[in-house]
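The values are calculated or read from the model by the stated rules, or taken from the named source; none is laboratory data. As the structure is a prediction and not an experimental result, all values here were calculated from the model. Positions of Cβ are generated from backbone atoms using ideal geometry, with glycine treated the same way; all protein chains shown enter the neighbour counts.
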Amino acid sequence: MPDKNSAGCGSQELCIALDLGGTNIAAALVDASGRMVCCKKTRTQAHRGAQAVVADLVSLAIECSSEASRLGAIVRGVGIGSAGQIDPESGVVVSATDNLPGFSGLRLRDIVADATGLETYVDNDANAAALGEAWVGAAKGCNNLVCLTLGTGVGGGIIANGSLVHGIRGCGGELGHMSINFDGPECNCGSRGCLESYVSTWAVEKRIKALALMRGGSWKAIYNATGGAVKGLFDAARDGDQEAIELADEVGRHLGFGVASLANALAPQMVVLGGGISQAGEILFSAVRKGFRERALLPLRDAVQIVPAKLGEYSVVVGAAALVWRNGCAASSD
Ligand SMILES: [Zn+2]
C-alpha cells in the first residue's frame, strides 16, 4: 500500500483525487499518508452530456490545484476513481451505464492530464474504494480483501496479494453481476439473478414498493420513509416490525451468499461492505454473517472477517489518491 514508502515525500506534497459518480463529483487534496486536506463536491449533471460533466470535473481539479498553490504545496498528480468499467492501462472508459451517458469510449485520463498538465491515473470507483479501505480504512494493511460498494448498483474491488485484480480490459471485479440465482430477477446488465438484483438500493426499493402496493399498511410507511425506503426498512426491522425483520434478514442473507461465493473463490482475509445499505449496521451484518456461514467452505467460516467500510463517502477519493502515490513519489508495493 502507498504509505509504506512515502517517507521523503514531505508534508508539502499533495495529489488531486477525483471521484466521478453518476450522482456526485468529489475532488480532494490528499497527502502521501492518506490525509485529506480539503474536499469539494458538485452534482453530476449527467443530462448535460459527457463533455459538460468532464468540464465540471476538470474545473474542480483546477480549483484544488489553486488551493494547493495557496498552501505552498507541490501537486504530484491526479487520481480518478470513476463509475463504469475503466481500463487503467489506457485510461479509457470501456463502458459506462446510463448514469453517465456518452462516457463509453471516453479517453478520461488523457483529457484530465491535458487540462491539468499533471500525471493522471484512473481506475474504476469501486476498485479505488478497495484501495482506499486497504490503505487507511477498515482493511488497513490487509493484502487480500474484497470490497463491495452497495449503492444504486453494486460495485466491487478485489485486492489479491496486494494488487488490484483488473483482468482483461480492466473489467475485473464487477462483483455485483455475479449471478446467485440462475432464474432470479432480471438485472440492469441484462442477466438474471445478479447479486445487484437482490441487494442494491434499486432492488430492495422495488421489493418494498411491490409490498406497499400489495399489502399497504406499514409497507406504505416504509416505502415513504424519510431518508428513503431502504433506511425505512432497516429502521422498521430495528423497531421490531416482524415483516420488515423478515425482508431485512433476506436481504442480508442474499448478500451473505454472495460474500460466501467470493470468499470460496478468493479466500480474502477481509470483506469490506460500503455504501448506503451497509450503514444499516448490526441488523444487516448479523444476517450477512448468517448467510455467509450457510454457504462458505468450512475453513473460511471463522477466518474471513466481514466488516463495514470506514472511509464512508470518502473511500473513492482516498483510493484515487492511492493511485497517484503508488505510482508517483511513493514506490509501489503492488
Ligand atoms: Zn447484472
I'd like to check something: does the stretch 126-135 contain any residue that is within 16 Å of the ligand (Cβ to nearest atom) and either among the small types (Gly, Ala, Ser) or under 17 Å from the mean Cα position of the chain (by Cα) (or both)?
yes
Could you pull out the residue among 332, 278 that is outside the structural domain of residue 173 (by TED's automatic domain parsing) and modelled with pLDDT under 95?
332
Could you list, in sequence order, all residues of the stretch 194-212 that are free of Cβ contacts under 8 Å to residues at least 40 places away in the same chain, more than 20 Å from residue 85 (Cα to Cα) and surrounded by 17 or more Cβ atoms within 10 Å (Cβ to Cβ)?
203, 205, 208, 211, 212
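So that you can scan it fast, the table gives a plain yes or no per residue for (1) assigned to a loop (DSSP other than H, G, I, E, B); (2) touching a Leu at 6+ places or on another chain (Cβ under 8 Å); (3) assigned by TED's automatic domain parsing to the domain that holds residue 196; (4) of a type in the set (D, E, K, R):
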| residue | (1), (2), (3), (4) |
| --- | --- |
| 37 | no, yes, no, no |
| 40 | no, yes, no, yes |
| 56 | no, no, no, yes |
| 76 | no, yes, no, yes |
| 80 | no, yes, no, no |
| 86 | no, yes, no, no |
| 97 | yes, no, no, no |
| 122 | no, yes, no, no |
| 128 | no, yes, no, no |
Any hit, the stretch 310-319, residues being under 27 Å from residue 25 (Cβ atoms), among the β-branched types (Val, Ile, Thr) and in contact with a Lys or Arg (Cβ under 8 Å, 6 or more places away or on another chain)
no
For the structure I just gave you, tell me whether residue 135 is in contact with a helix residue (DSSP H, G or I) (Cβ under 9 Å, 6 or more places away or on another chain), in a helix (DSSP H, G or I) and surrounded by fewer than 24 Cβ atoms within 10 Å (Cβ to Cβ).
no
Within the stretch 180-193, restricting attention to residues that are within 9 Å of the ligand (Cβ to nearest atom) and among the polar types (S, T, N, Q), which residue is surrounded by the most Cβ atoms within 10 Å (Cβ to Cβ)?
188
If you scan the stretch 160-179, which residues turn out to be buried (at least 17 other Cβ atoms within 10 Å of the Cβ), touching a residue at least 60 places away in the same chain (Cβ under 8 Å) and touching a Leu at 6+ places or on another chain (Cβ under 7 Å)?
164, 175, 178
The one condition in (1) modelled with pLDDT of 95 or more; (2) away from the ligand (no atom under 12 Å from the Cβ) that residue 175 fails to fulfil:
(2)
Does residue 18 meet the test of being at pLDDT 95 or above and assigned to a strand (DSSP E or B)?
yes
When the stretch 203-242 is examined, which residues are found to be over 16 Å from residue 278 (Cβ atoms) and within 16 Å of the ligand (Cβ to nearest atom)?
206
